[in-house]
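Have a look at the structure below, then the notes.
The values are calculated or read from the model by the stated rules, or taken from the named source; none is laboratory data. Please read these numbers as outputs of a predicted model, since none were measured by experiment. Here the Cβ positions follow ideal geometry from the backbone for every residue, glycine too, while neighbour counts run over all protein chains shown. For accessibility, only protein heavy atoms count, side chains too; no ligands or nucleic acids. Shrake-Rupley method; radii C 1.70, N 1.55, O 1.52, S 1.80 Å.
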Protein chains: 2
Amino acid sequence: MRRTGILGAAKLGGVAALMMLLASTAHAQQPKPSPSDLQQHRTTPGGQYQPSLDVLGEQKVEQPGTKPGDPVLSKAEFDQANQIYFERCAGCHGVLRKGATGKALTPDLTKKLGFEYLRDFITYGSPGGMPNWGSSGELKTEQVELMARYLLNDPAQPPEFGMKEMKDTWKVAVPVDKRPTKKMNNLDIDNLFSVTLRDSGEIALIDGKTKKIEHIIKTGYAVHISRVSASGRYLFVIGRDAKVNLIDLWMDPPQTVAELKVGSEARSVETSKFKGYEDKFAIAGSYWPPQFVIMDGATLEPLKIVGTRGMTYDTQEYHPEPRVAAIVGSHYNPEFVVNVKETGQILLVNYRDIKNLKVTSIAAERFLHDGGFDRSGRYFLVAANARHKVAIVDTKEGKLVGVVESKGQTPHPGRGANLNHPKFGPVWATSHLGDEIVSFIGTDPQKNKQHAWKVVQTVAGQGGGSLFIKTHPKSEHLYIDTPLNPDAEISASVAVFKIKDLASAEPKYQVLPIGQWSGISEGQRRVVQGEYNQAGDEVWFSVWNTKAQDSAIVVVDDKTLKLKSVIRDKRLITPTGKFNLYNTRKDVY
Amino acid sequence: MRRTGILGAAKLGGVAALMMLLASTAHAQQPKPSPSDLQQHRTTPGGQYQPSLDVLGEQKVEQPGTKPGDPVLSKAEFDQANQIYFERCAGCHGVLRKGATGKALTPDLTKKLGFEYLRDFITYGSPGGMPNWGSSGELKTEQVELMARYLLNDPAQPPEFGMKEMKDTWKVAVPVDKRPTKKMNNLDIDNLFSVTLRDSGEIALIDGKTKKIEHIIKTGYAVHISRVSASGRYLFVIGRDAKVNLIDLWMDPPQTVAELKVGSEARSVETSKFKGYEDKFAIAGSYWPPQFVIMDGATLEPLKIVGTRGMTYDTQEYHPEPRVAAIVGSHYNPEFVVNVKETGQILLVNYRDIKNLKVTSIAAERFLHDGGFDRSGRYFLVAANARHKVAIVDTKEGKLVGVVESKGQTPHPGRGANLNHPKFGPVWATSHLGDEIVSFIGTDPQKNKQHAWKVVQTVAGQGGGSLFIKTHPKSEHLYIDTPLNPDAEISASVAVFKIKDLASAEPKYQVLPIGQWSGISEGQRRVVQGEYNQAGDEVWFSVWNTKAQDSAIVVVDDKTLKLKSVIRDKRLITPTGKFNLYNTRKDVY
């Protein structure tokens, strides 16, 4: 079993599985219905479709594009369905329902499937990655039926979110001139961890030495990443609901000094890092509307919005919903590196003069997702996950170096891991969602030219379902998590390779039973995202259970690979990503 | 009367008048209906709306967005209405009917107006610029009624036109290796004029010395501009139907060696002029879809398509249809200067590396239309016509210099006119559609800094309705046409200023009765677009009548302002724009 990937997920696109599982952990362990269950369900009277045309006291509205014969939804129903769709479905299926990591759900397709099929599919999910929204209890029967009716109608184009809408959400809680001029607290900011508390819509600031939760700060829902300004003073977090919080770490206590909503769904935020522009600008990328916004780094004032709708890099056809995935700040130019998922364009957005904005569109590969710099900071490597490839950009020259097969299924590097390979020199590594492969790509075109931008080695980890791979310049170890592996034992543990062992033909890994070490016995105890402290001598893992269950953070001694500490606290609700502020700020990974 | 503008047109946006008149010259002289005519028409039985639901043998289709109660069109009707809309209406009202130079025609508005109002408005037009499509006979009664029904439905999103669609239209009639390696004909290419024969879908190549029509070449409909490659060998023309012809002037006879359709509606084509890139690339900008395409300069092979949908420069809200207006090739950088109308962004598109395409978006002003370089070739001045402004770009530094009020209504410079003003030094001049004003803008920030980028003078010409202003470095005269002035005498003549007279407080102009000189007595004899020969000693004007009437080209001696020659030929159908190939190639204007 150990080397088996998530086969269904891999077939249908491993990220679909990821997104679904991330969204559905509350019911991840519900049994799937057997065919006879489905049969039985279809024939129950309660399953009969009765469009609620006669709801009293509710105004009937015309939905966009409603045709004769389409089920009609009341305004309240439509609004509810819309909200459910954006929160639960749009991430995979796309807001225009044209399909992305999930399948297309346009009415030409849904009408062929019919109401009952849709209802049952939403209720019971599929092994391919569709969550069982109904049988998990996440959605009530009426809500499932509402969604099935909703899907028979044309997609509602969600609202645009331009400067006016952004400004309406913009709040500066503490103006710049009311902020302290020096650090007012005793926090060791560079060894602080910003930890996403996914389902509570918060982050926890945890001290890297004492492991104490210093502060909990209210944020958007399911903060996707934390980023730190070049000076180290300001922490930026962005929720999946597209809310950006700017937190001043010099205040006592640290608090949100500004916030801005940049759309209805988003994933990425970054700050300007180039010399002379430290702390000056920030950028946030949205899933909907498909665009990014450059903001003032001290206030989040939205300055420049740029749409990403345009042509796919390869077939050069128009795409209405090219979502903004990872963004990093270049060290070599005053630029942000913006990855546009559906079109496969990597944008180098120059912030030197935003009134005369220079953008270089690099034709790379579709389904760009996440990635990071090589150790020199010059090259950016990004997974084109559904294409099983990695695109490499030279941020100094502003052009594509190449696109390579990752040699595994659905690479998901996070920011990846940089290490000195005993045979191949400097390499950048990624693990995979769809299988057990860990791939190493040479990143040194100067001294190791023959290995540069090639997959020089692949090794087998525990299995598929990996999200993050991690090491540190001072470490001799490489950690691979497998939180989305369906095998509970694998998902609750991590594999560790000794870097020097990578010289051998079939390097072995050691398994660390992090879930077991956490002391938690309930739940699937998914172990996710190793993160080093500033010193690079310990690694933190989230043991991530559902909201109703206990979660924890387990700290491992990097030298000995022994348990060092367990952080358990009832405030630690569904911890996922952890960002050591020094490593994040300096792109140490 | 002489100084009266087209008041109605000016109020509603002079360009609307232009577009409408350009589209409607066949019936420009039909009398407008009186209110009692309209009343009478409204009550005739024939005016009753009967949606043709029962057409036999035609398949009924669902149009996009059809709602219960909308008039239903058969597929054939829908296709016909769509075609009429794109050919006749989209130029002003926009393909998405959101309004531009014409009014918005979305169903929320059209339904309030109702079928009969729409039908009558389409039939009789309005003094504000709407042509009388019905009473002119341009559209039959059934077609007018069809359009009224069509407008009650949601706009049909016209098809996208990506790489596949372009490639499907791409034809290389003569491959590069089958073309001559030297000029095979005896044409004096640099003194050739490429003349648009608007309604016949052709261009005429006319010798500048003999005035002989050397060749007529079939092109797209209503060629909007001609441009010449840097070497002078290749002539590019683009029709309003978005068809680009590449004509090899070395062949005997010159002929179309490649063609490409770049969308369903377009206005602009240009070639790469920067040193080292001569003849290498071409670019075409489309109205629909809103995008531009970079092509191979020798074959028109489409290489890179870039969408222009995005944010308005000022309110930063998403616009679904930002059309590409004028494009010029920079002399200072390997860049095309692409003017995006609705968003007011001027794009500097760098063609040095089109795989890693660098585009600078300059926030300028909305409704960018046409413009040209200053005499140094460094600065580009473009009219933001509905905003009555001129935006100036420094193509060397790649940024906005400023945006100035033109001090007239709806500037329409064509490429403008550069001259050495006796008081203010080098200036660039524009006339106006909406009034009689001619404005001079200082363009010499080195030696005449105090005048640079200011309107240093305005003078009054004959009246509104001007499209083009013209002079030449060797000339002492400045010509202003007024083809769209409703006064027949004004539209059939041009005003000429002596440049040295501009030093006086109220400079006088001389009127040249070009229409009368043509010897044509029928029609409105609209005199349009002065164009110099290569030597700069004569100016050519089109005397532009409808397709069924005689037209001509009148050649004026620039020194004496006397008639030099009249070109009349039955093949000279609706001549409009004329492009002397040397002046066009070298940006002499």
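Between B:Lys183 and B:Lys140, how many nm apart are label points set 7 Å from Cα along the C-beta direction?
5.1
So how long is each side of the protein assembly as shown along the principal axes, counting just the alpha-carbon atoms, biggest first, in Å?
102, 71, 64
With 15 Å as the cut-off, how large is the P(r) tail for region B:131-181, expressed as percent of Cα-Cα pairs? Don't jump to the answer; show the numbers that get you there.
Working: 896 of 1275 pairs.
The share of Cα pairs beyond 15 Å in region B:131-181 comes to 70 percent.
Give me the Kirkwood hydrodynamic radius of region B:301-372, using the inverse of the mean 1/r over all pairs of distinct Cα atoms, in Å to one decimal. Don't jump to the answer; show the numbers that get you there.
Values: mean 1/r = 0.0799 Å⁻¹.
One over the average 1/r among Cα pairs gives 12.5 Å for region B:301-372.
In whole Hz and in residue order, list the ³J(HN,Hα) couplings for region B:480-488 that follow from phi through the Karplus curve 6.51 cos²θ - 1.76 cosθ + 1.60, θ = phi - 60°; x for Gly and Pro.
For region B:480-488, the Karplus curve yields 10, 8, 8, x, 9, 5, x, 6, 4 Hz.
If you take the beta carbon distance between B:Arg568 and A:Gln157 as r and set R0 to 56 Å, what does 1/(1 + (r/R0)^6) give as a FRET efficiency, to the nearest 0.05?
On the way: r = 55 Å, r/R0 = 0.98.
After rounding, the FRET efficiency stands at 0.50.
Lysine pairs in region A:277-400 8 or more apart or on different chains: how many have alpha carbons under 14 angstrom apart? Before the final figure, lay out each step's value.
Working: A:Lys280/A:Lys304; A:Lys304/A:Lys355; A:Lys304/A:Lys358; A:Lys341/A:Lys389.
Within region A:277-400, the lysine pair count is 4.
Only sites in a loop by DSSP and with at most 14 other Cβ atoms within 10 Å count here; which chymotrypsin sites (Phe, Trp or Tyr not before Pro) in region B:455-516 make the cut? Spell out each step's value before the answer.
On the way: sites: B:Phe468, B:Tyr479, B:Phe497, B:Tyr509; in loops: B:Phe468.
The qualifying sites: there are none.
Using a label position 7 Å from Cα in the Cα→Cβ direction, what is the ascending list of nm distances from B:Ala505 to the same site in the other copies?
Distances between equivalent label points, in nm: 10.2.
Counting each DSSP H run of 4 or more residues in chain B as -39500 (n - 2.57), what helix-only mean residue ellipticity at 222 nm follows after dividing by all residues, to the nearest 500 deg cm²/dmol? If you can, show how the numbers build up before the last one.
Values: 11 runs with 90 residues, N = 589.
For chain B, the value works out to -4000 deg cm²/dmol.
Would you give the gap between the C-alpha center of region B:487-539 and the C-alpha center of region A:475-546, rounded to a whole Å?
Spelled out, the Cα-based centre of one part sits 83 Å from the other.
Report the accessible area of A:Arg375, computed with a 1.4 Å probe over the heavy atoms of all protein chains in place, in Å² rounded to the nearest 10.
Looks like 100 Å² after rounding.
Would you kindly work out, in nm and rounded to one decimal, the distances from the label point of B:Thr181 to those of the same position in each other copy, ordered shortest first, with label points 7 Å along Cα-to-Cβ?
Those label-point separations list as 7.7 nm.
What is the distance, in nm, between label points placed 7 Å from the Cα along the Cα-to-Cβ direction at B:Lys500 and at B:Lys112?
5.9
Please work out the Cα center distance from region B:246-275 to region A:199-252, rounded to the nearest Å.
The distance from the Cα centre of region B:246-275 to that of region A:199-252 comes to 56 Å.
Roughly how many Å² of A:Lys140 are accessible to a 1.4 Å probe, to the nearest 10?
130
For A:Lys454, tell me the accessible area in Å² from a 1.4 Å probe, rounded to the nearest 10.
100
What is the Cα convex hull volume of region A:236-312 when expressed per residue in Å³?
Details: hull volume 6.9 nm³, N = 77.
Roughly 90 Å³ of hull volume per residue.
Measuring nothing but label to label, 7 Å from Cα along Cα→Cβ, what are A:Pro473's distances to the other copies in nm, shortest first?
5.8
What lysines sit close enough to A:Lys498 to cross-link, taking a C-alpha to C-alpha distance under 24 Å and skipping anything fewer than 8 places away on the same chain?
Partners found: A:Lys407, A:Lys423, A:Lys447, A:Lys454, A:Lys470, A:Lys474, A:Lys508, A:Lys559, A:Lys562, A:Lys564, A:Lys578.
Please give me the summed charge of the neighbours of A:Tyr277: other residues whose Cβ is under 15 Å from its Cβ, Lys and Arg +1, Asp and Glu -1.
Details: positive: A:Arg227, A:Arg233, A:Lys273, A:Lys275, A:Lys280, A:Lys304, A:Arg352, A:Lys358, A:Arg585; negative: A:Glu270, A:Glu278, A:Asp279, A:Asp296, A:Glu335, A:Asp353.
Local charge sum for A:Tyr277: +3.
Please work out the Cα center distance from region B:79-137 to region A:119-186, rounded to the nearest Å.
Comparing the Cα centres of region B:79-137 and region A:119-186, I get a distance of 40 Å.
In whole Hz, with x marking every Gly and Pro, tabulate ³J(HN,Hα) for region A:326-340 from phi via Karplus 6.51 cos²θ - 1.76 cosθ + 1.60, θ = phi - 60°.
4, 10, 10, x, 5, 9, 9, 8, x, 9, 9, 9, 10, 9, 9
Just the number, please: Stokes-Einstein D of region A:191-341 in µm²/s, Kirkwood Rh from C-alpha pairs, 4 °C, 1.567 mPa s.
Working: Rh = 15.7 Å.
Approximately 83 µm²/s, per Stokes-Einstein.
For a test of understanding, tell me how many lysine pairs in region B:110-225 have Cα atoms under 25 Å apart, given they are 8 or more places apart or on different chains.
For region B:110-225, qualifying lysine pairs total 18.
What percentage of all Cα-Cα pairs in region B:342-499 are separated by more than 20 Å? Write out the running numbers ahead of the final one.
On the way: 5979 of 12403 pairs.
Every Cα pair in region B:342-499 considered, those over 20 Å come to 48 percent.
Averaged over B:161-168, how many beta carbons belonging to a partner chain fall within 10 Å of each residue's beta carbon? Write out the running numbers ahead of the final one.
Numbers: counts 2, 7, 6, 3, 2, 1, 1, 0.
The shielding value for this peptide is 3.
Just to make sure I understand: if all protein chains stay in place, what is the order of A:Tyr379, B:Tyr318 by accessible area at 1.4 Å, largest first?
Working: A:Tyr379 15, B:Tyr318 45 Å².
Descending order: B:Tyr318, A:Tyr379.
In region A:480-540, which GluC sites (Glu not before Pro) are in a loop and have at most 10 other Cβ atoms within 10 Å, using DSSP for the loop call? Walk me through the numbers before you get to the answer.
On the way: sites: A:Glu489, A:Glu522, A:Glu531, A:Glu538; in loops: A:Glu522.
Counting only loop positions with at most 10 other Cβ atoms within 10 Å, the GluC sites (Glu not before Pro) in region A:480-540 are A:Glu522.
Jot down the per residue volume, in cubic angstrom and as a whole number, of the convex hull over the alpha-carbon atoms of chain B. Walk me through the intermediate numbers first.
Working: hull volume 90.1 nm³, N = 589.
In chain B, the Cα hull volume divided by residue count equals 153 Å³.
Within the set of other residues whose C-beta is less than 12 Å from the C-beta of B:Thr308, count the net charge using Lys and Arg as +1 and Asp and Glu as -1.
Values: positive: A:Arg309, B:Arg309, B:Arg323, B:Lys341; negative: B:Glu321, B:Glu342.
That works out to +2.
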